[in-house]
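Q: Pasting in a structure now, in structure tokens, and then I'll have a few things to ask.
The values are calculated or read from the model by the stated rules, or taken from the named source; none is laboratory data. Quick caveat, the model's predicted, so the values are computed rather than measured. Cβ: placed from backbone, ideal geometry, glycine included. Neighbour counts: every protein chain shown.
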Amino acid sequence: MTDLDAQDPLAAYRERFVGTGSDLVYLDGNSLGRPLRTTGERLRTFVDDEWGQRLIRGWDESWFLLPEVVGDEIGRVCLGAAAGQTVVGDSTTVLLYKAMRAAVALRPGRTEIVVDRDNFPTDRYVADGVARECGLTLRWVDVDTSAGVTAELLAEAVGEQTALVVLSHVAYRSAWLADVPALTRLAHDAGALVLWDLSHSVGSVPTSLDAWDVDLAVGCTYKYLNGGPGAPAFVYVAGRLLHGEGALTQPVQGWMGASDPFLMGPTYTPAPGVRRMVSGTPPVVGMLALQDMLALIDEVGMDAVRAKSVGLTEHAITTAAALLPDTTLASPRQAERRGGHVTLNHPLMREATAELWRRDVIPDYRDPHGLRLGLSPLSTSYAEVARGLETVRAVLDSLG
Ligand SMILES: *Cc1c(COP(=O)(O)O)cnc(C)c1O
């Protein structure tokens, strides 16, 4: 234990996660969060009592509404979103598609989707597909891969032709933390809608989606929300887009998002409110682990989670400056512009990462030459970060 761990008010939460008693150094919680110990019991109870005993009755008793119930919890605990605007559903990729199609349909006559070249691949690929499908053009924003999209860059790209702007809150490579309210205002001033991808911020960096006047957002639950591999994503749609004449509709109009699924009627009428973003049968089992992490974050509070996150990334940066002067920081130095991970570049990082994994130190690698340290605030200790970076030093020395 270091002094930093001794002074960390959240240090005790680490042992609530499976595996934190071992010497393994886990610096990839932003790709797949560790499971909570309570999750094993929740899964067992679900099989034995709910699925096993309630059987099909479970749908009426609680499962049918789970996308909205868990969505509202994500909204309240993590997003700064009032109830009735968030649902859990498909993968992030599928929800990006549904949200982008829904958004461009609300801006008929406009011809462009704005997206940055360093956005996560799936966001770029889906935007490209939606543009092709709807006869629109992609307008690319070029960015510095050690930073991200600024107001100046976005201002040059948006205009009266822009239907939709698609951006990530925290850049998956550099951890650049976008100024959501400022960039949202720029999109709105141009008459466009904006879709924020919160995959690398939800559960790590707080948002105030309602106060920031965000239109749409999506995000992962298997990263900082510890929902487990393949846990479903969520989508947020501002209430003002969900009601009245011209309310948003999405393209995958399945029965579970219809106004009365069990009427099984001849035509689709969207459910009132955000339920319309649901398509098919909700992934009930996939939403179990996530509920444990939401309860824990609720107990701790997002502001305390963010304070620890900043502490960890700051510690990684100062330790790397001392131990790894031959690496370059490819993340913002300023904490206010940085999310929950840190990327360090070195020409040998690809080889180094493979060797680190063999030594039970698990960071991630991102081209070009980037070692990405994802520091999940509640399950990572300061000592773990230091041990990880000491091993990086040893591995680089052994390769050099
Ligand atoms: C992790 C991540 C995704 C993942 O999408 P899936 O459909 O869950 O594979 C999407 N967008 C961003 C920005 C991500 O970081």
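Q: Step by step: first the residues of the range 116-149, then only those that are among the β-branched types (V, I, T) and over 17 Å from A192 (Cβ atoms), then the one that is modelled with the lowest pLDDT. Which residue is that? Walk me through how you get there before you give the answer.
A: The first filter runs over the range 116-149 and keeps only residues among the β-branched types (V, I, T), leaving 122, 126, 130, 137, 141, 143, 145, 149.
Filter once more, so that each one left must be over 17 Å from A192 (Cβ atoms): 122, 126, 143, 145.
On the way: T122: 98, V126: 98, V143: 96, T145: 92.
Filtering the range 116-149 for residues that are among the β-branched types (V, I, T) and over 17 Å from A192 (Cβ atoms), the one modelled with the lowest pLDDT comes out as T145.
Q: Which one of the conditions (1) within 17 Å of the chain's Cα centre (by Cα); (2) crowded, with 21+ Cβ neighbours inside 10 Å; (3) not assigned by TED's automatic domain parsing to the domain that holds C220 does V88 fail to meet, given that it meets all the rest?
A: Condition not satisfied by V88: (3).
Q: Being surrounded by 12 or more Cβ atoms within 10 Å (Cβ to Cβ) and touching a Leu at 6+ places or on another chain (Cβ under 8 Å) is the filter here; which residues of the range 242-271 pass it? Write out each step before concluding.
A: Of the residues in the range 242-271, the ones surrounded by 12 or more Cβ atoms within 10 Å (Cβ to Cβ) are 242-243, 247-259, 261, 265, 268-271.
Scanning the range 242-271 gives L242, A247, L248.
Q: Within the range 179-198, which residues are buried (at least 24 other Cβ atoms within 10 Å of the Cβ) and either within 20 Å of R366 (Cβ to Cβ) or basic (K, R) (or both)?
A: Result: D197, L198.
Q: If only one of L96, L65 is buried (at least 23 other Cβ atoms within 10 Å of the Cβ) and either free of Cβ contacts under 8 Å to residues at least 40 places away in the same chain or under 27 Å from A175 (Cα atoms) (or both), which one is it?
A: Details: L65 fails: buried (at least 23 other Cβ atoms within 10 Å of the Cβ).
Only one candidate qualifies: L96.
Q: If we keep just the residues of the range 152-198 that are hydroxyl-bearing (S, T, Y) and assigned to a loop (DSSP other than H, G, I, E, B), which is farthest from the ligand (Cβ to nearest atom)? Spell out how you get there, then give the answer.
A: To start, the set of residues in the range 152-198 that are hydroxyl-bearing (S, T, Y) comprises 162, 168, 172, 174, 184.
When the remaining residues are screened for being assigned to a loop (DSSP other than H, G, I, E, B), the result is 172, 174.
Details: Y172: 5, S174: 12 Å.
Among those residues, the one meeting the criterion is S174.
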